[in-house]
1. At 20 °C and a viscosity of 1.002 mPa s, what translational diffusion coefficient does Stokes-Einstein give for region 421-567, taking Rh as the Kirkwood radius over Cα pairs? Give it in µm²/s as a whole number.
2. Pulled fully out, how much extra length does the chain show between residue 553 and residue 334, if you take 0.36 nm times their separation in residues and subtract their Cα-Cα distance?
3. Under a crude label model (7 Å from the Cα following the beta-carbon direction), how far is residue 478 from residue 246 in nanometres?
4. Debye calculation, C-alpha points only, no solvent: report log10 I(q)/I(0) for region 97-165 at q = 0.20 Å⁻¹, in the same order as the q values.
5. Rg to Rh for the chain: what is it, with Cα atoms only and Rh by Kirkwood?
6. Can you grab the distance from the C-alpha centre of region 119-145 to the C-alpha centre of region 474-522, Å, no decimals?
7. In region 304-355, if every C-alpha pair distance is counted and binned at 10 Å from zero, what percent goes to each bin?
8. Counting each DSSP H run of 4 or more residues in the chain as -39500 (n - 2.57), what helix-only mean residue ellipticity at 222 nm follows after dividing by all residues, to the nearest 500 deg cm²/dmol?
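The values are calculated or read from the model by the stated rules, or taken from the named source; none is laboratory data. For clarity, every value in this text was computed on a predicted model and none was experimentally measured. Note that we place each Cβ from the backbone using ideal geometry, even for glycine, and neighbour counts take in every protein chain shown. Only protein heavy atoms, including side chains, enter the accessible area calculation; ligands, DNA and RNA are left aside. Shrake-Rupley method; radii C 1.70, N 1.55, O 1.52, S 1.80 Å.
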Amino acid sequence: MNTYSASQNQPAFALDKQSIQILESISDGFVLLDSACRVVYMNTQAETILLRTRQELLGANFWDTFPGSVNSVFYARQQEAIETQQPVQFVEYAPLLHKWIEVRAYPAAEKLALYFLDVTQRIEAQKEQEEVEKELRVSEERLRIALKNSSITVYQQDKDLRYTWIYNPLPAFTPESVVGKMDADFVLPHEAAHLTDIKQRVLATGQGVVEEVKTTIDAGVSFAELTVEPLRDCTGAIVGVTGAAINITQRKHMEEALRQSEVKLNTLIDSNILGVFIADATGKFYDANDEFLRIIGYSREEVISGKVCWNKLTPPEQQEEEAKVVQSMIATGIGPAWEKDYIRKDGSRIPTIIGGAIFDKEKLLAIAFVLDISGRKELEERKDNFISIASHELKTPITSLKGYTHILKRKLDQQGFSEPVGMLARMDTQIDHLTRLVSDLLDVSKIQAGRLEYAQVSVDIDTLVCEVVESFQQTCSTHTIIIHGVSNNHVVGDGERLEQVLTNLLSNAIKYSPNADKVDIYITTVKGQVLISIQDYGVGIPQKHQDKIFERFYRAYNEGDKIFTGLGMGLNISYEIVKRHGGKISVESEEGIGSTFTVSLPLDS
Ligand code: ADP
C-alpha cells in the first residue's frame with residue numbers, strides 16, 4: 001500500500017498491492033494523478049522516462065515539477081481529457097527531457113491515469129525515413145527534369161524481359177502502353193531478337209553491355225545507344241535488367257550527311273578535274289591531290305615535307321596580290337577566285353584560276369581549288385595573234401582601197417559624173433568606218449600584248465574637248481553637244497589617244513540615245529584632277545552590266561531595246577588609255593534615264 005505522510009500531500013486514495021505489481025511490470029511509464037494533479041503513484045518506468053524520482057514527485061503537483069509545462073501541449077491535452085472526460089492520446093516532444101513521448105491519458109472520477117512511452121527512437125527513425133523519402137523525391141524530380149525533353153529513356157525489365165518500369169519512352173508511347181510488354185511488341189522481329197539477345201546475355205553473365213542498336217517503330221527508323229545492366233534484388237540475385245537508351249537518330253543522320261558530303265568531296269578531289277590542296281595561312285601544305293601535284297610539278301613528299309611553300313611557287317610580282325587574297329579569305333572565310341601563275345619545279349609558269357575557303361578557323365586551315373587554264377590561255381593567245389595579224393593584213397588593202405577611192409572620186413568629179421561621185425563619197429565613209437574598226441582591233445591586240453605606245457606631251461584639256469566636239473558636231477545632226485565649264489589646265493600624255501577616249505565616249509553617248517537630242521559635257525577640276533563627264537539621256541545600262549562594260553568585247557544587252565551594233569572594244573581601249581595616263585574612268589547609269597561616263601586625269605603640275 002502506498003501512503004503519504006505529509007498533511008498537505010494527503011493522498012485522496014491509494015492503490016492496492018496487486019495493481020502496483022501489474023503497473024510495475026508494464027513497459028509504459030505510468031503516473032496516477034488526483035483531482036489536484038498531485039502524483040498519487042508512479043511506476044519505475046515513469047522514473048526512467050520522466051527523469052524524476054518517486055521521492056521528488058509523489059504528493060507533488062505533477063506540473064510544478066516540470067517548470068513551464070503549464071504552457072505545453074502536455075498540459076493542454078490532459079486538461080482536455082479532464083474536461084471532456086474522454087481518453088486522449090498524442091505524441092509530443094518534451095524539450096526538458098529531450099525526448100519524444102507518447103502519452104495516453106485516461107480520466108476517471110477524481111483521477112487521471114497517464115501512460116508514457118519514450119518513442120524518441122521510433123520518431124527519429126520515422127523522421128530519417130521521411131528525410132530519405134524527401135531526398136528520393138527530390139532526386140527523382142531532378143532526374144525527371146533532366147530527362148524532360150531529352151532523348152534518354154530509362155527502363156527496367158523483369159527476367160522474362162517484360163517492361164516493369166519505363167521513364168521518358170519514345171514520343172509515340174506512354175509508360176502505361178509499354179509496361180507489361182516486350183521488345184517484340186514494338187519493333188521488327190529481327191530487331192527484337194537482337195535486343196533480346198543482348199539482354200539475355202546480361203541476365204546470364206551479370207555483365208553490363210553498351211551497344212548501338214537500330215529499331216523500326218511504325219516504319220520510322222531510329223538509332224539508340226543502349227545501356228543494359230543487370231538488375232539485382234537485395235540479396236544480389238539478378239531479377240531483370242535495367243538501363244538507358246539514348247536516342248542518337250539525329251546524330252546518325254548528321255554523321256551520314258557528313259559521310260556523304262565527305263564522299264562527294266573525295267570524289268571531286270580524286271577525279272583530278274581540279275587541283276586541290278590543303279594549306280595553312282603561312283603557306284604550309286598539308287595535303288594535295290594528283291592534279292595539283294601535276295600542275296606544280298613537285299612530288300607529294302616534297303610538298304608535304306614543307307620543302308615547297310607558297311612563296312616559292314608564286315611569282316614575285318603576284319605575291320602582294322596573293323597576300324591580299326589570303327587576308328580577305330581569313331577575314332570572310334572565303335577567298336575571291338583569282339588568276340595566278342604557279343612557278344613549276346622546272347621553272348616554267350603555268351596559269352591557273354584559284355579559289356579557296358577556310359574550313360578550320362582555329363588553325364586557319366584552308367582548302368583551295370586550282371584550275372589549270374594554260375589550254376585556255378594558249379587559245380586566247382592564238383586568238384589575239386590572229387586578231388593582231390588579221391588587223392595588220394586588213395590595214396594595207398583598206399589603205400589602198402581608200403587611196404583608189406579618192407583617185408576615182410577626183411577623176412569622175414573632173415569628168416562631171418556627179419552620181420558616181422556621191423556613191424564614192426558614201427563608200428569613203430564606210431571605208432573610214434572599216435578603218436576605225438580595224439584600228440580598234442589592232443589597239444585591242446596591242447593593249448593585250450602591252451605594246452600600245454603613248455606620247456608624253458602637255459595637252460590642253462579645253463582645246464582637246466572643243467576639237468573633239470567640233471569635229472563631231474560637223475557630222476552629227478541629231479544631237480547638240482553642249483560643253484559646260486572650262487579647265488584652264490593641261491595634262492601630260494598622248495593627245496591623240498585622249499582624243500580617241502573622248503571620241504569613243506561621245507559616239508557611244510549619241511549611239512545609245514537615239515531618242516534624245518543633246519549630250520552634255522561637264523569639265524570640272526577637283527583636287528589636282530580634271531573631271532570630264534559626258535552625260536547622255538539614252539537607254540542607260542542595267543546595273544548588273546555596269547562593272548563589266550570596260551572588259552574586252554563585253555556588250556551590255558538591253559532587253560526590249562533595239563540592238564545597237566558594235567564590238568565591245570571602245571570602252572576597253574578607253575579604259576586602258578586612261579589607266580596609262582594615271583587616271584580613272586567610271587560610269588553612273590540608270591536604265592531608261594541615261595548614262596554619265598566620267599574620265600578623271602591628273603593635272604600637269
Ligand atoms: P560597243 O559600243 O561597240 O558595243 P563599247 O566598248 O563602246 O562597245 O561599249 C560596251 C558596251 O557598253 C556597249 O555594248 C553598250 O552596251 C554599253 N554602253 C557603252 N556606252 C553606253 C551608253 N552611253 N549608253 C548605254 N550603254 C552604253
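1. Working: Rh = 17.3 Å.
Estimated via Stokes-Einstein, D reaches 124 µm²/s.
2. 75.9 nm
3. Reported label-point gap for residue 478 and residue 246 is 7.7 nm.
4. Treating every Cα as an identical point scatterer, log10 I(q)/I(0) equals -0.94.
5. Result for the chain is an Rg/Rh of 1.45.
6. 97 Å
7. 24, 51, 25, 1
8. -13500 deg cm²/dmol
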